[in-house]
Amino acid sequence: MRLLFFPFLDFSDTQLQHDLAGKTILITGASYGIGECLAEKLAETQAHLLLVARTEAKLIDVKQRVEAKGGRANIFPCDLRDTVAVQALLAHLQQCSGGIDIFVSNAGKSIRRSIFDSLDRPHDFTRTMNLNYFAPVQLMLGLIPSLVARRGQVINISAVNVLLIPAPKWAAYQASKTAFDQWFRCVSPELNVRGVRTTSIYLPLVRTRMIEPTQAYQHLPAMQPEQVAQLICKAMLSRKRTYAPWWLMLGQMASVLGRGWWEVAMSHYLRRNR
Ligand SMILES: NC(=O)c1ccc[n+]([C@@H]2O[C@H](COP(=O)([O-])OP(=O)(O)OC[C@H]3O[C@@H](n4cnc5c(N)ncnc54)[C@H](OP(=O)(O)O)[C@@H]3O)[C@@H](O)[C@H]2O)c1
């Protein structure tokens with residue numbers, strides 16, 4: 001499966017431990033899936049982990065597993081859709097840590113729903129925008145001074161879909177993920193010249209609870225969250241700007257050149273399956 005997505009995930013664990021020793025790393029969405037696996041992987045380092053999500057019991061469980069491996073973690077239960085709670089979180093983070101070296105913006109929610117099933121559900125669009133766009137923007141605004149002071153790094157966990165032709169039924173998720181991807185890429189050059197490294201990771205399908213409700217995904221190839229955790233660690237070491245599956249550029253070209261064909265094919269498919 002690695003060959004299909006990211007063939008070169010290897011790095012030296014000794015190097016990781018060396019480079020991250022004494023660093024403070026904020027991970028949103030650390031209670032499940034990718035964020036949970038990342039926290040477990042980073043437990044092997046001497047980094048101080050700040051773990052954010054809503055489910056306190058799961059965060060406590062993750063913290064205990066980190067500590068059992070000799071790592072250090074603090075938890076911050078927070079609903080990131082709530083701007084007042086995010087402001088309080090930022091103040092709390094400032095008190096509890098000397099500053100943030102690496103921010104992994106990972107918390108996210110996906111919704112797959114036909115627009116005709118969404119007519120009385122405007123909240124689908126506000127909640128995805130609140131979590132996938134406004135929350136990381138608000139966090140970044142609060143964290144930038146500390147990231148600049150420490151010449152830190154921000155890693156945005158994005159999706160391949162934001163760079164490909166949009167798919168029907170994914171309007172809420174794709175619009176919100178694309179919004180933050182664009183925002184992040186707009187501010188990156190300004191941050192880079194002040195010493196803050198920015199990394200966008202474009203993920204294909206990952207086998208987490210996020211894709212469980214979508215029947216069609218159950219038989220498609222997908223990365224494991226442990227592999228994504230490894231990829232994020234690699235990004236912390238390399239501090240490269242972008243990680244994407246090797247075939248994404250071909251997909252982007254096909255999205256431009258094959259747009260007309262795709263729209264005709266999609267209309268046929270939707271007419272048959274409505
Ligand atoms: N899975 C995929 O196929 C895939 C593909 C491309 C990109 N991604 C991206 O990868 C990231 C992680 O997704 P995942 O696959 O690991 O999904 P997941 O297993 O569902 O984990 C999502 C994380 O976000 C947290 N979260 C959700 N709503 C929140 C809220 N309102 N406030 C605070 N935290 C919240 C969840 O914790 P609580 O529920 O405890 O709050 C959980 O820790 C997302 O940004 C997603 O867009 C995933």
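Before moving on, here are some points about what is shown:
- Residues in the range 219-235 that are open to solvent by 10 Å² or more (accessible area, probe 1.4 Å), assigned to a helix (DSSP H, G or I) and closer than 18 Å to Phe11 by Cα: Pro225, Glu226, Gln227, Gln230, Lys234.
- Inter-residue pairs, beta-carbon under 6 Å, first at positive phi and in the range 156-181, second more than 11 Å from the ligand (Cβ to nearest atom), 6+ apart: Lys169/Arg112; Lys169/Ser114
- Strands (runs of 3 or more DSSP E) enclosed by the range 72-184 - at least 3 residues per element that are within 12 Å of the ligand (Cβ to nearest atom): 72-77, 153-159
- Qualifying residue in the range 200-212 (condition: polar (S, T, N, Q), out of contact with any strand residue (DSSP E or B) (no Cβ under 9 Å at 6 or more places or on another chain), closer than 21 Å to Arg81 by Cβ and outside any helix (DSSP H, G or I)): yes
- So Val66, is it more than 16 Å from Met140 (Cα to Cα), among the aliphatic types (A, V, I, L, M) and in contact with an Asp or Glu (Cβ under 6 Å, 6 or more places away or on another chain): no
- Within the range 42-64, considering residues that are under 16 Å from Val104 (Cβ atoms) and of a type in the set (Gly, Ala, Ser), the one farthest from the ligand (Cβ to nearest atom): Ala47
- Selection of the range 48-62 for residues being more than 22 Å from Met210 (Cα to Cα) and free of Cβ contacts under 8 Å to residues at least 40 places away in the same chain yields only Leu49.
- The residues listed here are Ser31, Ser118, Ser114, Ser97; of these, the one that is open to solvent by less than 60 Å² (accessible area, probe 1.4 Å) and either of a type in the set (A, V, I, L, M, F, W, C) or within 25 Å of Ile201 (Cα to Cα) (or both) is Ser31.
- The listed residue being aliphatic (A, V, I, L, M) and within 23 Å of Ile111 (Cβ to Cβ), out of Met249, Met236, Met210, Met253: Met210
The values are calculated or read from the model by the stated rules, or taken from the named source; none is laboratory data. Keep in mind it's a predicted model, so treat the numbers as computed, not measured. Methodologically, a virtual Cβ is constructed for each residue, glycine included, from the backbone with ideal geometry; neighbour enumeration extends over all protein chains shown. All accessible areas refer to the heavy atoms of the entire protein, side chains included, with ligands and DNA or RNA removed. Shrake-Rupley method; radii C 1.70, N 1.55, O 1.52, S 1.80 Å.
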